[in-house]
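Okay, so here's the structure we're looking at.
The values are calculated or read from the model by the stated rules, or taken from the named source; none is laboratory data. A quick note: this is a predicted structure, and the numbers were derived from the prediction, not measured. Neighbour counts run over all protein chains shown; Cβ positions are idealised from the backbone, glycine included.
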Amino acid sequence: MLSFIRADLAQINAYKPHPGGDLQAASPDQLDTNENPYDLPLELKEKLAWTYQQTIAANRYPDGGHERLKQAIAAYVRESATGSGGDLSADYISVGNGSDELIRSLLIATCLQGNGSVLVAQPTFSMYGILAQTLGIPVVTVNHREADFAVNLDAAARAVATAPCPVRVVFMVHPNSPTANALSAAELDWLRSLPEHILVVVDEAYFEFSQQTTLESVFQQPNWVILRTFSKAFRLAAHRVGYAIALPELVSVLEKVRLPYNLPAFSQAAALTALAHRHSLLNIISELISERDRLLKAFAALPALEVWPSQANFIYLRPRPSAPTLEQLFAALKAQGTLIRQTGGGLRITVGTPAENQRTLEHLARSLP
């Protein structure tokens with residue numbers, strides 16, 4: 001370890017994406033990162049190319065305040081809120097270079113300099129813990145129940161009450177990754193009961209697939225923030241655009257700690273274009289949900305697999321004791337050209353195109369007894 005580097009970083013493993021470049025198959029089905037399997041339509045790519053050529057000056061910094069984009073996001077959130085977002089304006093929106101940057105900004109604003117720890121329920125999105133550790137922030141973990149992956153609320157309450165470094169932020173995902181279950185009424189009631197000195201972060205990365213949101217709590221709870229992304233339903237994973245929804249007072253704090261010019265001009269243009277064409281882009285969600293339900297039914301019919309319901313664009317399953325191990329099943333699918341994610345003691349499979357999903361079923365069938 002370099003002598004000038006913090007000693008605790010030696011204990012942290014860097015997040016390693018799964019590129020799939022070493023697959024034996026020539027054209028792998030990349031079903032490991034919960035991306036939308038459909039690229040932007042060619043006409044929108046052409047529109048973006050024109051935008052870059054005609055309206056973006058590469059020698060100039062991007063709009064550092066993201067004003068147009070925040071206004072467009074607010075309009076979309078109001079439209080999709082089914083009655084709970086009527087008063088929401090651009091002042092309620094903060095934009096980040098992916099949700100990761102927003103998570104990091106929230107941690108910087110709350111827990112640095114020994115001001116607190118974070119609580120996460122495992123298994124879940126790994127970046128909450130990774131980003132906290134890189135900032136020297138303690139991470140308190142509790143477990144989800146095995147039967148339905150709901151949070152063990154008794155354990156969570158004890159953890160908040162007894163953590164050596166007071167819990168300042170609670171992260172929850174709605175629906176959770178990798179287990180695909182939405183937060184229950186009991187979980188939401190517990191989160192809303194937390195005192196105002198604890199920030200509640202509800203990650204709604206898969207909102208467009210679940211159509212479940214906690215937006216009304218933003219207006220009712222000063223300690224509530226929602227995270228969303230353009231990487232999933234909107235097909236913009238390459239552009240890294242995320243946003244937070246919170247009361248203006250909290251948004252103003254996020255604006256203080258984020259990096260200036262954090263979102264490139266082309267990414268802002270891509271997000272604005274996606275929002276302008278949101279109805280056509282989001283039309284594909286009905287197909288993906290139908291395909292998800294088809295996969296769920298087919299997986300459940302395989303005796304060697306234990307499968308859980310899904311409210312997202314991915315499915316979580318585990319092989320039963322009589323089946324090949326997690327590692328064996330992961331390797332068998334990889335060798336056949338299907339890349340999935342091994343995480344949280346199970347396998348997470350993104351819903352792909354109908355052709356990709358059919359190959360997944362065939363590859364699984366070949367890999368199971």
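Here are the numbers for this structure:
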item	result
Yes/no for residue 261 being surrounded by fewer than 16 Cβ atoms within 10 Å (Cβ to Cβ) and either within 18 Å of residue 202 (Cα to Cα) or of a type in the set (Phe, Trp, Tyr) (or both)	yes
Some residue of the stretch 280-302 being of a type in the set (Phe, Trp, Tyr) and outside any helix (DSSP H, G or I)	no
Qualifying positions in the stretch 319-341 - touching an Asp or Glu at 6+ places or on another chain (Cβ under 7 Å) and not charged (D, E, K, R)	337, 338, 339, 340
Residue in the stretch 333-343 that is surrounded by fewer than 17 Cβ atoms within 10 Å (Cβ to Cβ), closer than 30 Å to residue 184 by Cβ, free of Cβ contacts under 8 Å to residues at least 24 places away in the same chain and not hydrophobic (A, V, I, L, M, F, W, C) present	no
Options 123, 195, 175; residue that is in the same structural domain as residue 256 (by TED's automatic domain parsing) and buried (at least 22 other Cβ atoms within 10 Å of the Cβ)	175
Of the criteria (1) within 21 Å of residue 210 (Cα to Cα); (2) touching a residue at least 12 places away in the same chain (Cβ under 8 Å), which one residue 135 fails	(1)
Whichever residue in the stretch 184-206 is in contact with a Lys or Arg (Cβ under 9 Å, 6 or more places away or on another chain) and in contact (Cβ under 8 Å) with a residue 40 or more places away in the chain and, among such residues, is nearest to residue 226 (Cα to Cα)	203
Restricting the stretch 288-305 to residues that are modelled with pLDDT of 95 or more and of a type outside the set (A, V, I, L, M, F, W, C), the residue that is surrounded by the fewest Cβ atoms within 10 Å (Cβ to Cβ)	297
Matching residues, the stretch 215-235, being crowded, with 22+ Cβ neighbours inside 10 Å and either under 15 Å from the mean Cα position of the chain (by Cα) or on the phi > 0 side of the Ramachandran plot (or both)	225, 226, 227, 228, 229, 230, 232, 233, 234, 235
Qualifying residue in the stretch 226-234 (condition: part of a helix (DSSP H, G or I) and assigned by TED's automatic domain parsing to the domain that holds residue 110)	no
Residues within the stretch 140-172 that are of a type in the set (Val, Ile, Thr), surrounded by fewer than 17 Cβ atoms within 10 Å (Cβ to Cβ) and under 20 Å from residue 203 (Cα atoms), tallied	1
Unmet requirement for residue 168, which otherwise passes all of (1) farther than 23 Å from residue 250 by Cα; (2) modelled with pLDDT of 95 or more	(1)
Of all residues in the stretch 40-67 being in the same structural domain as residue 273 (by TED's automatic domain parsing) and of a type in the set (D, E, K, R), the one that is farthest from residue 90 (Cα to Cα)	60
Filtered residue count, the stretch 100-127, keeping only those that are out of contact with any helix residue (DSSP H, G or I) (no Cβ under 8 Å at 6 or more places or on another chain) and either assigned to a helix (DSSP H, G or I) or free of Cβ contacts under 8 Å to residues at least 40 places away in the same chain (or both)	4
Qualifying residues in the stretch 90-117 (those that are more than 19 Å from residue 241 (Cβ to Cβ) and of a type in the set (Gly, Ala, Ser)) - the one surrounded by the fewest Cβ atoms within 10 Å (Cβ to Cβ)	114
Matching residues, the stretch 199-221, being in contact with a helix residue (DSSP H, G or I) (Cβ under 7 Å, 6 or more places away or on another chain) and part of a loop (DSSP other than H, G, I, E, B)	205, 213, 214, 221
The listed residue being under 23 Å from residue 272 (Cα atoms), in contact (Cβ under 8 Å) with a residue 12 or more places away in the chain and part of a helix (DSSP H, G or I), out of 63, 87, 91	91
Residue count, the stretch 353-369 (criterion: more than 14 Å from residue 294 (Cα to Cα) and surrounded by fewer than 18 Cβ atoms within 10 Å (Cβ to Cβ))	4
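For (1) among the small types (Gly, Ala, Ser); (2) modelled with pLDDT under 95, each residue gets a yes or a no:
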site	(1), (2)
2	no, yes
9	no, yes
20	yes, yes
31	no, no
39	no, no
48	no, no
63	no, yes
77	no, no
80	yes, yes
